[in-house]
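Written out below as structure tokens is the structure these notes cover.
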């Protein structure tokens, strides 16, 4: 039996999903495919300051133990304003973007591996920026790397390191709301 950690990039799953899904059902599906329970599950995302009541409620629900919730450790980071210029008309505008989530995911991957907290990590993310962290945990720390994601939204760089890929589109009927 392997100690397995599940790390979720919340923004990735929200943006990549073809509709609404249930984190409890998703966790149950991952446990079934994994063949055993999870040692820990982490949810990382950004949230505006202050967060809305709906966001606070959702993040509190994520922490609830089964069967009421998916029992995840929730790590939230601030959104930052990014100033932009429209390339077509030159109009200045700002939009909010994540700050610190990807760095925190990479740090968590490495920290927990170095502390020998897991043998297998399941990452729900699609960003190729995690490639160096994944390469380190696989090649130097000899950890198994599984990837979960949606079709056409997972970096080929991450796919190339994955020992197994769980395509969420293939289990959509099991996890959708």
Residues (more than 15 Å from the chain's Cα centre (by Cα), free of Cβ contacts under 8 Å to residues at least 60 places away in the same chain and not in a loop (DSSP other than H, G, I, E, B)) located in region 29-46
31, 32
Count, please, the residues in region 144-177 that happen to be touching a helix residue (DSSP H, G or I) at 6+ places or on another chain (Cβ under 7 Å), over 14 Å from residue 131 (Cα atoms) and surrounded by fewer than 17 Cβ atoms within 10 Å (Cβ to Cβ).
3
Count, please, the residues in region 62-102 that happen to be at pLDDT 80 or above, within 26 Å of residue 127 (Cα to Cα) and not in a strand (DSSP E or B).
9
Which residue out of 107, 148 is modelled with pLDDT of 95 or more and in a strand (DSSP E or B)?
148
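Can you pull out the residues in region 13-23 that are surrounded by 16 or more Cβ atoms within 10 Å (Cβ to Cβ) and touching a helix residue (DSSP H, G or I) at 6+ places or on another chain (Cβ under 9 Å)?
Within region 13-23, 13, 17, 21, 23 qualify.
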Residue by residue through region 47-59, note down the ones that are part of a helix (DSSP H, G or I) and either in contact (Cβ under 8 Å) with a residue 12 or more places away in the chain or touching a helix residue (DSSP H, G or I) at 6+ places or on another chain (Cβ under 7 Å) (or both).
59
Return a yes/no flag: does region 125-141 have any residue that is in a loop (DSSP other than H, G, I, E, B), modelled with pLDDT of 95 or more and out of contact with any strand residue (DSSP E or B) (no Cβ under 6 Å at 6 or more places or on another chain).
yes
Do the conditions hold for residue 32, that is, is it under 26 Å from residue 112 (Cβ atoms), out of contact with any strand residue (DSSP E or B) (no Cβ under 9 Å at 6 or more places or on another chain) and at pLDDT below 95?
no
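The values are calculated or read from the model by the stated rules, or taken from the named source; none is laboratory data. Because the structure is predicted, anything quoted here is derived from the model rather than measured. Glycine gets a Cβ as well: all are built from the backbone with ideal geometry, and neighbour counts include every protein chain shown.
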